[in-house]
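S.K.: Following this message is one structure expressed as structure tokens.
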Amino acid sequence: MAVTKRIFQLSKEFGRDEKEIIAFLTTQGIKVSNRLSAVSEETYEMLKAKFMAPPEPEPAPEPEPAPAPEPAVKEEKPAEPAAAPVKQPQPPQGDKKKKKKNKAPQAAATETPPQEGQPATPEEKPEKEVTDLKIENMDKRTRTILFEGIMAGNEFIRRYSQNPGQTPLNKQKKPMLTADMDAWGILFNHKVENSDSPMRYWQSVSKLMTRAFKIINGFGLANRDALGAMRDAMAPIGGKYQPREVFTPEENKLFEEQQGLLFRTFGHGMGLVNDNLYALKMKADRMKAKFEYMDFLSYVTNPEDELRSNERVPFNELIEAVAHSARSIVRRFYFYNDHKERINNIIKKFLEWIDGYAKLKEAGASAEKLEKYLELEKKFIDIAEFMSFDNNLVDSKKEKKGVPSPFDTLVDLLEAYRDNLDDPDAERNFKYKVRGVVNIIYKPKEYVFTFQFGGLESNKDYRTPEEIAAAEAAKAAKAAEVAEKENPADNGEA
């Protein structure tokens with residue numbers, strides 16, 4: 001009768017890993033595709049001899065106890081009636097284990113038949129190995145099931161919160177891209193199969209990128225004109241930086257980095273995000289295509305196979321990164337529209353700073369003056385970047401009342417200092433005026449920034465000597481006036 005056992009059944013029977021059995025058959029020239037492959041009767045006998053054969057070095061020293069079986073058999077007769085009712089339940093469990101790996105020590109078993117506890121010691125190791133293997137395999141399956149269960153639970157919660165049962169799922173209104181969109185908004189009503197399988201991983205990546213494309217492009221169509229105006233305003237700093245011959249390589253590199261920083265801060269929008277999404281989608285599609293021509297043997301037996309060992313970012317991290325990038329488009333869009341005039345002015349002034357530095361170099365300005373000019377130019381970039389963080393240094397309520405914002409005041413003071421570099425009092429005047437731009441009590445964070453921005457020192461008076469002398473004289477006169485009012489009688493008696 002032909003044997004039709006499969007690899008996974010043999011793994012349980014022999015207590016060996018499936019990969020170990022497949023690898024052994026491969027070395028013998030027997031092709032098997034996976035764990036469901038069946039083996040012939042001859043192959044089964046070969047595997048049985050390989051994985052269940054007794055260890056050869058142990059039976060060699062056991063011919064000596066040959067005479068021992070005779071008294072052992074004689075002793076069995078009186079021992080059977082007393083021991084049979086007590087120890088009958090144990091042999092069935094021990095017999096199965098003996099069939100697997102206890103065929104070699106038969107002589108040792110016949111030596112001491114009443115001591116049935118001895119065979120347990122050689123059986124503990126294979127039993128532990130099989131148990132550990134089962135636990136390991138079960139752990140992998142459990143992790144996969146757990147992850148898929150969590151994904152399904154999150155999807156149910158999301159759908160339940162958006163659809164309390166009144167609208168069919170297929171007729172729900174798809175969420176629009178907003179500054180608060182989360183990962184599940186990107187995956188709205190969209191099934192993503194994610195597991196340990198690399199093929200499913202790249203399929204899910206491709207689906208995610210397609211879904212993100214649709215959401216972002218939908219936002220673009222809804223705000224086409226405003227996004228077009230924003231793109232045109234960012235054009236001067238959105239292109240490639242053009243180096244100037246009058247600048248050194250270090251100076252050109254500095255201005256190029258500053259231009260990129262301003263563009264990322266104010267103008268990084270749909271174009272670059274879509275480029276990244278497209279590149280990642282193409283990567284996923286290429287990886288999916290490789291599975292059509294995969295080497296199954298290498299995939300099963302080689303842990304370093306490209307399709308198995310290729311490092312991939314966890315899928316939940318990828319979802320969060322895409323969602324955050326999509327939200328940033330909306331944030332920059334509304335930030336630009338709220339401060340359109342100010343941001344356009346920043347771009348214009350940045351180009352003016354570069355032109356002014358080029359003119360100084362062409363005119364042969366001193367190294368000290370060039371260094372100071374460049375230092376102030378870096379401060380301009382710092383204040384523009386700080387202003388973009390959560391609308392710092394901008395108070396729209398005060399602006400409506402005609403009160404200039406601290407940001408605009410600092411920029412004006414910085415430009416006044418730049419245009420009067422030859423004045424020895426220019427630096428002192430700049431620091432003195434910066435000192436009073438922001439109140440430390442009401443805006444401590446902004447005050448710390450302006451303190452560092454102006455290069456101020458604690459407990460230092462930046463007024464001119466004349467102003468300090470005049471202030472002290474006024475203070476002394478006021479003190480004398482107060483003293484005279486407090487003691488009028490003394491003055492009269494005198």
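Taken together, the values in this text are just the output of simple stated rules run on the coordinates, not laboratory data. What you see is a predicted model, and the numbers here were worked out from it, not measured in a lab. Here the Cβ is made from the backbone with ideal geometry for all residues, glycine too, and neighbour counts use every protein chain on show.
S.K.: Hey, how much of the P(r) for region 321-467 falls beyond 23 Å, as a percent of Cα pairs?
M.R.: That tail contains 45 percent of the Cα-Cα pairs.
S.K.: May I ask which of LYS340/LYS443; LYS433/LYS460; LYS398/LYS443; LYS401/LYS433; LYS349/LYS378 have a Cα-Cα span longer than 18 Å here?
M.R.: Violating the 18 Å limit, Cα to Cα: LYS340/LYS443; LYS401/LYS433.
S.K.: On a full-extension model of 0.36 nm per residue, what is the gain between GLU427 and ASN302, subtracting their alpha-carbon distance, rounded to one decimal in nm?
M.R.: 38.1 nm
S.K.: Follow-up question, since we're still on this one. Can you give the extra length, in nm with one decimal, that the chain gains between GLU42 and ARG331 once fully stretched, where that is 0.36 nm per residue apart less the Cα-Cα distance?
M.R.: 97.0 nm
S.K.: Can you give the FRET efficiency for TYR293 and ALA222, using 1/(1 + (r/R0)^6), R0 = 56 Å, r = Cβ-Cβ distance, to the nearest 0.05?
M.R.: Details: r = 42 Å, r/R0 = 0.76.
Efficiency computed from Cβ-Cβ geometry: 0.85.
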